[in-house]
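Right, one structure below, let's go through it.
Nothing in this text is a laboratory measurement; each read-out follows from the coordinates by a stated rule. In this text, all values refer to a predicted model and were calculated from it rather than measured experimentally. Cβ sites come from the backbone with ideal geometry, for glycine too, and all protein chains shown count toward neighbours.
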Amino acid sequence: MSDVTIKDEHLVPPAEVEEPELYHAHTWLGKYVFSQDAKYIAIQYSGTAIAIGLVGLVMSWVIRLQLAFPGVISSIDANVYYQSVTMHGMIMVVYLLTAVFLGGFGNFLIPLMVGARDMVFPFVNMLSYWVYLLSVIVLVASYFAPGGPTGAGWTLYPPQAITSGTPGHEWGIILMLVSLALFIVGFTMGGLNYVVTVLQGRTRGMTLMRMPLTVWGIFAAAVMALLAFPGLFVAAVMMMLDRTLGTSFFMPAIVEFGEHSKTTGGSPILFQHLFWFFGHPEVYIVALPAFGIVSDLLSTHARKNIFGYRMMVWAIVAIGVLSMIVWGHHMYVSGMNPLFGFFFAVTTLAIAVPTALKVYNWVLTLWRADIHFTTPMLFALGFLVTFVNGGLTGLYLGNVIVDVPLSATLFVVAHFHMVMGVAPILVIFGAIYHWYPKITGRMMDEGLGKIHFWITFLGAYMIFFPMHYLGVLGVPRRFYEMGDTSWLPLSAVALNHFITITALIVGAAQGLFFFNLFRSLKYGKLSGPNPWRATTLEWQTPETPPGHGNFGRELPVVYRWPYAYSVPGAPEDYLPQNAPPLKGEHLL
């Protein structure tokens with residue numbers, strides 16, 4: 001990275017355009033309900049996502065209870081089981097993780113971190129949340145529809161998703177597809193806002209290479225989502241037409257209960273391509289914001305600049321590009337030309353290179369650092385360990401020969417949950433503990449936070465590590481009942497019980513987090529404006545929590561990169577991005 005010696009502050013270019021005029025709410029409804037302030041919209045997104053996420057958590061309990069104690073709970077029949085599998089997967093991946101990282105953290109952090117008053121299109125931003133809320137309401141409505149929600153599995157593969165015999169094949173699948181289409185419409189409005197705000201809304205001196213990695217991660221994820229989500233939108237519309245009008249986009253000629261269907265010529269494989277063209281980028285739509293947030297947490301709580309900033313930025317870009325051309329590794333079992341299998345295996349392994357660079361840089365950031373084991377830091381370190389473990393099992397599944405026998409087993413469930421479940425959830429918790437003081441002006445209880453971390457971290461490993469062993473033994477996934485299990489060792493049965501009991505305990509223990517969250521609103525210690533002594537702009541606002549417009553009368557001017565920790569000659573061990581240059585300081 002080239003250094004530039006700043007001899008006077010006039011080297012920062014003047015503003016090119018006037019500040020946009022802010023919308024000022026005049027009623028309580030306009031300020032808190034139909035708010036156009038990105039900070040309130042972020043809280044609305046996060047609250048709604050966490051609420052529906054709790055529904056997904058309960059669905060996981062239903063799944064585990066049936067697997068460990070089949071037939072004991074009479075209300076869990078085959079239909080309820082498959083509906084729970086479907087709703088758990090779709091809720092957690094789309095309606096929780098995507099909404100929290102992009103709608104929640106994206107709305108709260110982007111304007112504050114780039115020095116903007118608000119999002120570029122506040123009214124569109126407000127609409128994006130209400131369309132998202134509508135999509136959640138439509139999804140939940142399927143529980144009250146005739147036949148209940150769809151039980152086609154979270155991938156919704158046709159023809160089974162819309163043929164009789166599958167739970168919710170009438171109204172359930174229609175409401176699911178409508179909900180997904182609404183979610184994509186809402187996200188598109190939000191995603192365009194994130195991209196345009198990053199490109200056009202930055203304050204003076206905030207170059208692209210001075211943006212925090214959190215902003216880079218959310219920005220790259222938003223661009224990827226704008227490219228990938230249309231594939232799922234088109235697939236949802238086409239399947240809806242197959243279900244309601246009898247078209248044959250995905251429906252081949254089939255025999256159903258002894259009768260020939262009226263459909264012919266459709267391609268179920270086409271749906272798989274469209275779904276996974278969205279589905280694999282979705283992994284990194286969640287992971288890239290998590291990567292950025294972890295980078296900021298590690299640097300701030302280790303009191304050390306991030307190692308290899310530019311390399312980290314380009315790694316984010318490389319991961320985003322490569323993730324768009326690896327979707328086929330989800331379809332090895334569906335069958336494909338060996339040359340395509342070779343291509344997708346190579347690109348899948350290639351994406352490990354920029355990902356590994358990020359891991360190495362995180363480790364080097366921690367090397368000889370002044371590490372403070374705060375609650376956010378513990379969750380960031382937990383993510384680092386978990387993502388590496390999950391990624392290593394992904395290398396096995398990226399290989400065609402290994403993936404085929406393991407594809408239908410619990411090994412895939414274990415890998416997917418380590419990478420896409422546990423790892424990002426740890427980041428969400430760490431980020432909430434980290435930015436809670438900026439949102440509320442109060443600190444969350446550190447003691448309760450650390451207890452919450454250890455229960456969650458160790459509990460997650462006790463749940464998903466044994467699943468790898470069960471998968472290698474050949475224990476299948478998605479089965480309501482396994483029937484004769486005499487071929488399994490007794491250890492597999494015991495582990496199944498152990499996993500279920502642990503999942504129930506760890507899930508219930510999240511109540512400790514919510515107790516801490518709400519109790520701290522009133523009884524939490526006052527945080528002050530910058531309790532973590534961080535450098536980025538969100539911690540330099542004149543008010544905590546930030547007022548309307550974020551930065552008072554004057555927007556900040558940025559003079560340096562966001563990781564100026566332990567700078568020699570500085571009065572403290574950090575230099576905020578908007579602090580005037582020191583004499584003779586070399587700025588990045």
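Structure data summary
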{"read-out": "Mean ellipticity per residue at 222 nm, deg cm²/dmol - from DSSP H runs of n ≥ 4 across the chain, formula -39500 (n - 2.57)", "value": "-19000 deg cm²/dmol"}
{"read-out": "Peptide ranges 231-243, 183-195, 52-64 listed from the most packed, as the mean C-beta count within 10 angstrom indicates", "value": "183-195, 231-243, 52-64"}
{"read-out": "Long-range amide H partners of residue 442 with built H, under 5 Å", "value": "527"}
{"read-out": "Rg [Å, one decimal], Dmax [Å, integer] - the range 222-305, C-alpha atoms", "value": "20.5, 69"}
{"read-out": "Dimensionless Rg ratio for the chain, taking C-alpha atoms and the 2.2 N^0.38 Å reference", "value": "0.99"}
{"read-out": "Ratio of the Cα radius of gyration of the range 321-476 to 2.2 N^0.38 Å, where N counts its residues", "value": "1.22"}
{"read-out": "445, 37 arranged by Cβ crowding within 10 Å, fewest neighbours leading", "value": "445, 37"}
{"read-out": "Sorted by Cβ neighbour density within 10 Å, fewest at the top, the residues 174, 505", "value": "505, 174"}
{"read-out": "Expected-Rg normalisation [2.2 N^0.38 Å, Cα atoms] applied to the range 260-313", "value": "2.08"}
{"read-out": "Summed residue charge, Cβ within 15 Å of residue 299's Cβ, Lys/Arg positive, Asp/Glu negative", "value": "+4"}
{"read-out": "Residue pairs, from the table 450/525; 358/438; 438/525, whose Cα atoms sit over 21 Å apart", "value": "358/438"}
{"read-out": "Environment charge at residue 445 (Cβ cut-off 13 Å; Lys +1, Arg +1, Asp -1, Glu -1)", "value": "+4"}
{"read-out": "Sequence of 98, 264, 502 once ranked by neighbouring C-beta atoms within 10 Å, starting from the fewest", "value": "264, 502, 98"}
{"read-out": "Fraction of alpha-carbon pairs over 19 Å apart in the range 387-437 - percent", "value": "37"}
{"read-out": "Size of the range 541-588 as Cα extents on the principal axes (Å, biggest first)", "value": "36, 17, 15"}
{"read-out": "At 1.002 mPa s and 20 °C, Stokes D of the range 109-221 from Kirkwood alpha-carbon radius, µm² per second", "value": "133"}
